[in-house]
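Report on one structure; see the data block that follows.
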Amino acid sequence: MCCDLKRRFLLLYATQKGQAKAIAEEIWQQAGSHGLEADMHCMSEMDKYELETEQAPVVIVISTTGTGDPPDTARKFVKRIQDRTLPPDHFAHLQYGLLGLGDSEYTFFCNGGKTVDRRLQELGAQRFYHTGLADDCVGLELVVDPWIDGLWLALKEAFQQQEAKGGMSSAVNAASGPPSAAPPEMHLSSEVENLKIEDEGVRSSVVASPIDSEPSLVHSVPPVSQSALNVPALPPEYIEVQFQDTHGENPQPSCLLSEGSAFEVPVIKAVQLTREDALKTALLLELHVADTAFDYQPGDAFCVLCPNSASEVEELLHTLGLSDKGECFVSVKVKQGTKKKGATHPQHIPERSTPKFILTWCLEIRAIPKKAFLRALVECTSDAGQKRRLQELCSRQGASDYTHFIRDPNLCLLDLLHAFPSCKPSLSVLIEHLPKLQARSYSVSSSSLYCPGKLRFVFNVVEFPACASRQVSRKGVCTGWLAELVAPLLHPNTNAVDTGGGGFSTAKVTIFARPNNTFHLPADPSVPLMMVGPGTGIAPFIGFLQHRQKLREEHPDWAFGETWMFFGCRHQDQDYLFKQLRCFLENGTLSHLKVCFSRDSSTAEVASTAQVAPPKYVQDVIRLYAKEVARVLLKEGGYFYVCGDKKHMADGVSDAVVDILSMEMEADKLEAMKILATLREAKRYLQDVWS
């Protein structure tokens, strides 16, 4: 397991979508050039490592999934270390460094890594290197790259300290050489490839725009265009694709799932909730689930298995030169003799299927290309100028260009292939670098008690407009597909066609459950609750109200708590999604309905005076009811629910609640923030948000 001539450290990763694994593999690749050997394992492979007896330093790379959970591959590990019978010195012998991955668009940023880090500390483990928390919202590489740069010096110092204690330094130092005192930046040349195009004619005429012009996706300007470049090492190839003469059938897409039971169900109703001239198109779909074992509660989420756009798949096949082979069967295997550590067959790729199937159902062709992918694409590009620009975009010197021209505008592989037409990657390169096509998650917008056998959900059709880097506009992978799928159900006059009478449309979707363990109605119906859901964020609360209405009908002797609904949209006559909210108000299910319209200056269904303009956003409305919010949360033990966009709404609502608590309690803001944190811990301030 370890080499006699190299210092060994244990490298563990826990990944949900593959990013943590890719970063761990990069660390593993770089280790050898530093005289080190990384013993790399997935955290779930608990039979292959033993932290209780591990004497070498441990490096951990771990992502976060859901609303702050550790990835599936870390669940057993986390459960084991959270055993409260473990003594506080259980890991006193352990030295570790941890890199957490997350997205600050979500409330519990990097919570997977923070959970492991905190628990290791509680059990006596010592950090030999500072904990890194990388943010996918702004670019993981902003933290990941410098964290890896500094890791090698920290590891060498950790080994030196161990050897000084154990008196075993001489043999190892003889093999690895004297430790360098240089700062992490000095190790750059051993971690990356230094590339420099010597042909000045190519550099100036093909790649760089004139000195006073602006850079773009395909053109660079000084200093980038005139720099020697530090680019990532070329990832080792590990997938082999072989075309076969045999025929057959592709597997069912649902067979690729590892999440449990999936159900193919018909769409029996589709309603466009917004007017044609609204900025966004919101649709409500109703699924028939009566003939399945699918079960849900209001507040739960579920996932839809969706394909990539058929036209984009055909375009990609054409670009790859596979138009006439799209339906030919291929076998996908791990390449013999590959240098990739622990190379295994990707679970989301069938061993035998067609290129068209793989591109349609298996690979996230809309994923923003990572720098390692760009580095691999360099080798697939024949034009010298285009090759140089791709090198720049994946280099340290081109980090700003990568963010500005690829990451921020959400470019995908097709956009790059349009921009760099001499780039002709193979199918195997795509399988190696594109992540698994993920099922898309949606909040349930119904109650099975209110409408048994049916499931409803609401979504906006996502739009990606054309821009300087993207030649064409695109719709969201799943929302665009769903909108096209149900188009026959959308009538231009009534906006809804219900097949009724047991006759279902031919439109079907495959779904599987993704239960939410916390975003549910209070177990005690007498507890008051406040709901904040502008736009499609109102979806789960329709299910809440349907459920509460049915309970009121079935149990007239029960005591039911006060219910508040804060809703907001742009225009009252264009995107007021559920005007039937007033029905809940009229029958007593809803106690208070407060609605605001951000683009209609003269209308709002809240109290305001002639001197004060109507509130524009839900957070503004909440401030108008400060005393009621404080009463429900502080005196009556109520619940506060927020659903919708995080950056532009949920954070604003959180700030408003902090200000209300501070004002009503006559406490400083820090104390109010602590109270809100306590409410979160008690699962009484709950969020279902997205970026």
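The values are calculated or read from the model by the stated rules, or taken from the named source; none is laboratory data. The model shown is predicted, which means the values in this text are computed figures rather than measured ones. Cβ coordinates were reconstructed from backbone atoms using ideal geometry, including for glycine residues, and neighbour counts include every protein chain displayed. The area values use the complete protein model at the heavy-atom level, side chains included, leaving out ligands, DNA and RNA. Shrake-Rupley method; radii C 1.70, N 1.55, O 1.52, S 1.80 Å.
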**Subset of segment 236-258 [more than 17 Å from PRO435 (Cα to Cα), out of contact with any Phe, Trp or Tyr (no Cβ under 9 Å at 6 or more places or on another chain) and open to solvent by 90 Å² or more (accessible area, probe 1.4 Å)]** = GLU249, GLN252, CYS255
**Prompt:** Out of the residues in segment 432-453 that are under 23 Å from THR274 (Cα atoms) and touching a helix residue (DSSP H, G or I) at 6+ places or on another chain (Cβ under 6 Å), which is most open to solvent (accessible area, probe 1.4 Å)?
**Reply:** ARG440
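Give me a count of the residues in segment 293-323 that are free of Cβ contacts under 8 Å to residues at least 60 places away in the same chain, in contact with a helix residue (DSSP H, G or I) (Cβ under 9 Å, 6 or more places away or on another chain) and open to solvent by 20 Å² or more (accessible area, probe 1.4 Å). Quick ask: steps written out before the conclusion?
Residues of segment 293-323 that are free of Cβ contacts under 8 Å to residues at least 60 places away in the same chain, as a first pass: 293, 310-311, 313-314, 317-318, 323.
From the residues that got through so far, the ones that are in contact with a helix residue (DSSP H, G or I) (Cβ under 9 Å, 6 or more places away or on another chain) too are 310, 313-314, 317, 323.
If we keep only those that are open to solvent by 20 Å² or more (accessible area, probe 1.4 Å) too, we end up with 310, 314, 323.
Here the count works out to 3.
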**Prompt:** open to solvent by 10 Å² or more (accessible area, probe 1.4 Å) and among the hydroxyl-bearing types (Ser, Thr, Tyr) - does that describe any residue in segment 349-358?
**Reply:** no
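On the given criteria, is LEU142 in a helix (DSSP H, G or I) and within 30 Å of CYS394 (Cβ to Cβ)? Give the steps one after another, and end with the answer.
Working: in a helix (DSSP H, G or I): yes; within 30 Å of CYS394 (Cβ to Cβ): yes.
Judged against the criteria, LEU142 is a match.
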**Asked** For segment 463-489, how many residues meet the condition of being hydroxyl-bearing (Ser, Thr, Tyr) and assigned to a helix (DSSP H, G or I)?
**Response** 1
**Message:** Kindly evaluate VAL138 against the criterion of being within 26 Å of GLN160 (Cα to Cα), surrounded by fewer than 23 Cβ atoms within 10 Å (Cβ to Cβ) and β-branched (Val, Ile, Thr).
**Reply:** no
**Message:** When the residues of segment 655-671 are narrowed to those that are modelled with pLDDT of 95 or more and small (Gly, Ala, Ser), which ends up surrounded by the most Cβ atoms within 10 Å (Cβ to Cβ)?
**Reply:** ALA656
**Prompt:** So which pairs qualify, if the first residue must be in segment 17-42 and open to solvent by 20 Å² or more (accessible area, probe 1.4 Å), the second must be among the acidic types (Asp, Glu), the Cβ gap must be under 7 Å, and the two must be at least 6 apart or on different chains?
**Reply:** SER33/GLU191
**Request:** Only residues that are out of contact with any strand residue (DSSP E or B) (no Cβ under 6 Å at 6 or more places or on another chain) and either in contact (Cβ under 8 Å) with a residue 24 or more places away in the chain or closer than 14 Å to ARG366 by Cα (or both): list them for segment 394-403, please.
**Result:** GLY398, ALA399, ASP401, TYR402, THR403
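Which of the strands (runs of 3 or more DSSP E) contained wholly in segment 526-608 include at least 3 residues that are closer than 25 Å to LYS646 by Cβ and of a type in the set (Ser, Thr, Tyr)?
Values: elements: 529-532, 563-569, 592-597.
In segment 526-608, there are no strands (runs of 3 or more DSSP E) which contain 3 or more residues that are closer than 25 Å to LYS646 by Cβ and of a type in the set (Ser, Thr, Tyr).
Report whether or not ARG456 is open to solvent by less than 10 Å² (accessible area, probe 1.4 Å) and in contact (Cβ under 8 Å) with a residue 60 or more places away in the chain.
no
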**Request:** Go through segment 264-280 residue by residue and tally those that are open to solvent by 40 Å² or more (accessible area, probe 1.4 Å) and either charged (D, E, K, R) or modelled with pLDDT of 95 or more (or both).
**Result:** 6
**Prompt:** Within segment 55-72, how many residues are open to solvent by less than 20 Å² (accessible area, probe 1.4 Å) and either out of contact with any helix residue (DSSP H, G or I) (no Cβ under 8 Å at 6 or more places or on another chain) or under 15 Å from LEU12 (Cα atoms) (or both)?
**Reply:** 9
**From the options PRO346, PRO369, PRO350, residue that is in contact with a Leu (Cβ under 9 Å, 6 or more places away or on another chain) and more than 14 Å from PHE420 (Cβ to Cβ)** = PRO350
**Request:** Check LEU585 against each of (1) outside the structural domain of GLY644 (by the TED database); (2) modelled with pLDDT of 85 or more and name the one condition it does not meet.
**Result:** (1)
